[in-house]
Structure formats: structure tokens, C-alpha cells
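Let me give you the structure first, and then I'll get to my questions.
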Amino acid sequence: MLPVHPLISRLTTCLIAAGLALTALAQPLAAEERPAKELFGAKRLPAKMATASYGSYAKGCIAGAVAIPTDGPAWQAMRLSRNRRWGHPQMIALLEEFSQDAQKLGWPGLLLGDISQPRGGPMLSGHASHQVGLDADIWFTPMPDRRLSAQERDELPFTSMLDKSKFLTVDSRRWTSTHARLVMKAASYPQVERVFVNPAIKRKLCDTWQGDRSLLGKVRPIYGHDEHFHIRIKCPEGAAGCKPQAKVAAGDGCDASLDWWFTKEPWAKPKPKKDAKPVKPWYLTLANLPKACSAVLAGPSPASEQEVTYQGNGGTSTALAFSSGGGESAGRTIESVIAADTALPAIVPIPIPRPFQ
Ligand SMILES: [Zn+2]
């Protein structure tokens, strides 16, 4: 037997040790202990089961969700790569109805933000809510009169309705009475329980809204929500597993509860406590969610995204969508989607740039 050079011997030991360490790292956590956002965030398609929202808006999931088509007569879905066009069919139907009603108000059409993941649940980024398919974000940017490419939908920056040079003030150069009517239209649907907007926008509505003031109570002030607003519908009729929210208080909400937002308190940095122990990062696990969510996670997938895309109101999804056909991991690359986009028919004529008159 040849003597082994001591260096090689050491190196081998190192490699074995490194290998062991890697194996230890690769030991997967049991599903129950992993962050639920990783489990739900990895699902590309919904659970093919009877439609049901389980749990609450910020701690739940949804079975049998459907996708809103990427494009409709009066909407375009944004940020397609996030794969959050999924919701309860009642939410998708409402969005389609709302998009048409918006056009009647003179709004060109809706740019749709996040609804939910295919099976709902916590998300790897962004929202705490949007977990049960009953929340949806709508941009304050009107839909352009041409079809946006997949890349534009991922990259188009948000536009704030606030004048950032002032404290909590709506920018009157951007905010219009049509914006106001759009938000109040959203609040007018009986199934809509809450519409979340920035406190400055709520204040603006309180100061200017001439229509039915009783609907103002549904419009709730919240952090952010200055470039989009958020519609929340109530638990569907007979949905036993869906945990409803408390009813909004009576009145228009243009009161002390709104004034509070204009004090320093909501914006003050939390004071670090003396001798406070570092807080362990906390995340939702399957054990924190309703039991049914484990079944939703394990439920079978439909054969294709198309099979579970809502067919209500003339919407279409084409190669623009980040198709999930062919299994959980078969998401297409951004490059291929962008490449495919050039072959798409425009649903509206693309305007030729012309000088201002
Ligand atoms: Zn939202």
C-alpha cells in the first residue's frame, strides 16, 4: 500500500468534514416546522378541490382558487412573475365587474396587483394578509391604452398619490375626482367589507366626497397604500372554515380615529427597550394555520393553469402569463416569456407617438 501524503490525508479529512457539514445543512426540516411561506410560495398551481377559504385574512389558505386572466376588456394584471393572480371565484368575479364599472366612471381600466398565491397562505415577500383569496390590490395608476408587455408589467414603477415633500398630504397634481370615485365605487359593493387606503387619501375623501357618506366607513386608513388600494370582501356565504373580521364601526370614520394618523404616534420609531433580548425571527408554520391548510398544500394540481383560469367576462391569458403547465417547477424563464410576447396580438392599437398639440 502506498503511503498517503500527509497533506492529502488532511485534505481528505477536511473534505469529509465539509461533506458531513453539508449533509447536516441539507437535512430538511419537517414540513410542519418549515416557514409556511416557503411551502405555499413554492406552489405554482392551486389545489384542485372544492373552493373554500380557510382561516383568516392574515392566517389561512384557499382550496380551489381560480386565476383571473392576465388581460380582460377592462383590466391588465401586473407583476405576473409573482404568480399572485389567484383568488376565490367571488373575488375574481367582483374584479371583473369592478373593471367594467370603473370604465363607466371614466377610468380607463384596472391595473391589478396581488390577489393571492395559488393556494393562498403566507407569502415570501410583501403582505401579511391576502392569504385566503379574498383580498386584492388595485393600482392608482390607470390602465394605459395599450397592452403592456410581461417585462413592463414586472418593471413599471408604482406612482404614489402623496406629495412626499409634505407630511401625509395627497398630491393634487396626481389625485383626481375619478380616483375618488373609483375608491368609493369599490366600497359600494355589498360584498366589500373594507377598502384600505393611505390615511392622507382617507382624509381627502372625508374632505371632498359628496356622495353617500355612509360608504366612507368602509374606507380604512392604513400604512402604505398610497400607490394602490386594497379591496377586502367578506367570507362567502356558508363558508364554514372562513374566519370573518369584525364589522367596521358605524359612521364615516372621519373622526378621532383618523386624526390619530396625523399625530406623531403612528410614525414614531419604536424605542429599543433596555436589556431587551434579541427577538428570534418568527414565522407562521403549518401548525399555526387551520388544519385544512395542510390538506390544501398536499392537494392535487390541475393539469394546467388554463383549466383553472376564470372564464367570466371575456378575459384572455396567453403566452404572457408565466405558465405553470407541466408540474410544480416548470415555470418559464422571464426571457422566454418576453421573447414570446413579441408574437402576441395587441388587444388595443398601440398609439403612435406624436407631438403635443
Ligand atoms: Zn393589499
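Applying a 10 Å radius around every beta-carbon, put 210-216, 178-184 in order of their mean neighbour count, most first.
Ranking the peptides 210-216, 178-184 by packing returns 178-184, 210-216.
In Å and from the alpha-carbon atoms only, list the Rg and Dmax of the range 30-106.
14.9, 52
Restricting to the range 54-162, what percent of DSSP beta bridges are antiparallel, rounded to 5?
Antiparallel bridges make up about 75 percent of those DSSP assigns within the range 54-162.
With the cut-off at 32 Å, tell me which of the pairs K59/K104; K37/K166; K59/K273; K48/K243 have Cα atoms farther apart than that.
Table pairs above 32 Å Cα-Cα are K59/K104; K37/K166.
Next question, about the same structure. Using the Cβ atoms and a cut-off under 14 Å, what net charge is assigned to the surroundings of G106, where Lys and Arg are +1 and Asp and Glu are -1?
Within the 14 Å Cβ shell, the charges total +1.
Same structure again: Report the relative contact order of the range 42-95, percent, no decimals, based on alpha-carbon pairs under 8 angstrom and at least 6 residues apart.
31 percent
Translational diffusion coefficient of the range 236-325 at 37 °C, 0.692 mPa s, Stokes-Einstein with Kirkwood Rh over Cα pairs, in µm²/s as a whole number.
Diffusion coefficient, whole number: 164 µm²/s.
Same structure again: Could you work out the relative contact order of the range 128-254? I mean the mean sequence separation of Cα pairs under 8 Å and 6+ apart, divided by the number of residues, in percent.
31 percent
Classify the range 70-114 as rounded, prolate or oblate from the Cα gyration tensor: take a ≥ b ≥ c as the square roots of its eigenvalues, call it rounded if a/c is under 1.5, otherwise prolate when a/b beats b/c and oblate if not.
Oblate shape, in that a/c is at least 1.5 and b/c is the bigger or equal ratio.
Let me ask something additional. Would you calculate the separation in nanometres between label points at D259 and A58, each defined as 7 Å from the Cα along the Cα-to-beta-carbon direction?
2.6 nm
Here is a follow-up. Could you put W86, W267 in order, starting from the residue whose Cβ has the fewest other Cβ atoms within 10 Å?
Ordered from fewest to most neighbouring Cβ atoms within 10 Å, W86, W267 come out as W267, W86.
Net charge around K271, counting only other residues with Cβ within less than 15 Å of its Cβ (Lys, Arg = +1; Asp, Glu = -1)?
Result for the local shell: +2.
Just to confirm my numbers, what's the Cα centroid distance between the range 99-161 and the range 250-315 in Å?
If you average the Cα positions of each part, the centres end up 17 Å apart.
From a point 7 Å beyond the Cα of S214 in the direction of its Cβ, which residues of the range 233-265 have a backbone N at a distance under 13 Å?
250-252
So in the range 157-309, what percent of DSSP beta bridges are antiparallel if you round to the nearest 5?
Rounded to the nearest five, the antiparallel share is 60 percent.
While we're here: Which length gain, in nm to one decimal place, applies between L156 and S188 when the Cα-Cα distance is subtracted from 0.36 nm times their residue separation?
Extra length available between L156 and S188 comes to 8.6 nm.
A further question on this structure: With contacts defined as alpha carbon pairs under 8 Å and 6 or more residues apart, what's the relative contact order of the range 53-179 in percent?
Relative contact order here is 28 percent.
Using a Förster distance of 51 Å, how high is the FRET efficiency between A268 and A303, based on the Cβ-Cβ distance and rounded to 0.05?
It comes out at approximately 0.45.
All of the numbers you see were taken from the coordinates with simple rules; none came from a lab. Just so you know, these numbers come straight off a predicted model, no measurement behind them. Please note: Cβ atoms are built from the backbone with ideal geometry, for glycine as well, and neighbour counts cover all protein chains shown.
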